[in-house]
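This report refers to the structure that appears directly beneath it.
We did not get these values from a lab; they are worked out from the coordinates using the rules stated. In this text, all values refer to a predicted model and were calculated from it rather than measured experimentally. Cβ atoms come from the backbone with ideal geometry, glycine included; neighbour counts cover every protein chain shown.
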Amino acid sequence: MNPKIKQAMYDIVEQNPYILDMDISLTEYEEGYAKGEMRIHERHLNPYRSVHGGALYTLADVISGCAACSCGNYATTVTGSMNYLKPAINTGKIYCEARAVRDGKQISVYDVCLTDDRGELVETGTFTFYIMNRSIIEE
C-alpha cells in the first residue's frame with residue numbers, strides 16, 4: 001500500500017470532528033481492509049444501556065469507508081445494511097473489521113464484523129461505496 005495514502009487516511013480520521021466526537025480510531029489499514037474501534041461512553045448508550053444501533057452503524061460506516069478509500073480516492077456510501085445479532089452491552093469498546101468483497105473502479109462492496117470486548121460478534125453488515133474521482137492525497 002502506498003504509504004502516503006495510508007498516512008492521509010490516518011490523518012483524516014484523526015482530524016474529523018464527527019469521528020473524534022464518536023471516539024472512533026483507525027487501528028489497522030491495508031489495501032481493501034481496515035480495522036478500527038470505538039471507545040464506549042455514556043452518550044453511546046440507548047435507554048436499555050446497550051450501545052445504540054446508530055453508534056454501531058456509524059462505526060461500521062466509518063471503518064468500511066476507510067477501507068474503500070484504500071485505492072487512494074475518496075469514497076461515499078451508497079448503501080449500508082446491518083444485522084444486529086446481539087446487544088452490545090457491558091463493553092468498553094466495540095471493534096470493527098471491514099474487508100473488500102469487491103474493489104471496483106467506481107463501486108466497491110465491503111463486509112463488516114463488529115465485536116465487543118469479549119470478542120463476541122454483535123453485528124455484521126455490508127456497505128457499498130461509490131469511488132469518487134478525488135484523491136485523498138493533497139498534491
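With the Cα gyration tensor of segment 81-139 giving a ≥ b ≥ c as the square roots of its eigenvalues, does the rule (a/c under 1.5 for rounded; else a/b larger than b/c for prolate; else oblate) give rounded, prolate or oblate?
Numbers: a/c = 3.57, a/b = 2.06, b/c = 1.73.
The shape class here is prolate.
Just one of (i) 46, 27, 22; (ii) 122, 23, 16; (iii) 41, 30, 25 is Cα extents along the principal axes in Å as worked out from the coordinates here. Which one is it?
It is the one labelled (i).
Give the angle, between 0 and 90 degrees and rounded to the nearest 10, that separates the Cα long axis of helix 3-15 from the longest principal axis of the Cα atoms of the chain.
In the chain, helix 3-15 runs at an angle near 40 degrees to the longest axis.
Full extension from Lys86 to Asp111: what is 0.36 nm times the residue separation minus their Cα-Cα distance, to one decimal in nm?
On the way: separation 25, 0.36 × 25 = 9.00 nm, distance 1.78 nm.
Taking 0.36 nm per residue and subtracting the Cα distance, the gain is 7.2 nm.
Please give the helix 53-68 orientation as an angle from the longest Cα principal axis of the chain, in degrees from 0 to 90, rounded to the nearest 10.
For 53-68 against the chain, the angle is about 20 degrees.
What is the distance, in nm, between label points placed 7 Å from the Cα along the Cα-to-Cβ direction at Arg99 and at Val78?
Distance between the two pseudo-spin positions: 2.2 nm.
Compute the distance from the alpha-carbon center of segment 1-31 to that of segment 75-137, in whole Å.
For segment 1-31 versus segment 75-137, the Cα centre distance is 15 Å.
Let me check I've understood the local charge: for Thr115, count other residues with C-beta under 15 angstrom from its C-beta, Lys and Arg +1, Asp and Glu -1. What total comes out? Could you put the intermediate results ahead of the total?
Values: positive: Lys35, Arg39, Lys86, Lys93, Arg99, Arg118; negative: Glu28, Glu37, Glu97, Asp111, Asp116, Asp117, Glu120, Glu123.
Counting the neighbours of Thr115, the net charge comes to -2.
Taking the Cβ of Arg39 as the centre, find all other residues whose Cβ is under 10 Å away and add up their charges (Lys, Arg: +1; Asp, Glu: -1). The partial results should precede the final answer.
Details: positive: Lys93; negative: Asp23, Glu37.
Spelling it out: positives minus negatives among the neighbours equals -1.
Show me 45-56, 126-137 ranked by packing, highest mean number of other Cβ atoms within 10 Å first. Mind dumping the intermediate values first?
Working: 45-56: 15.1, 126-137: 16.6.
The densest-packed peptide leads the list: 126-137, 45-56.
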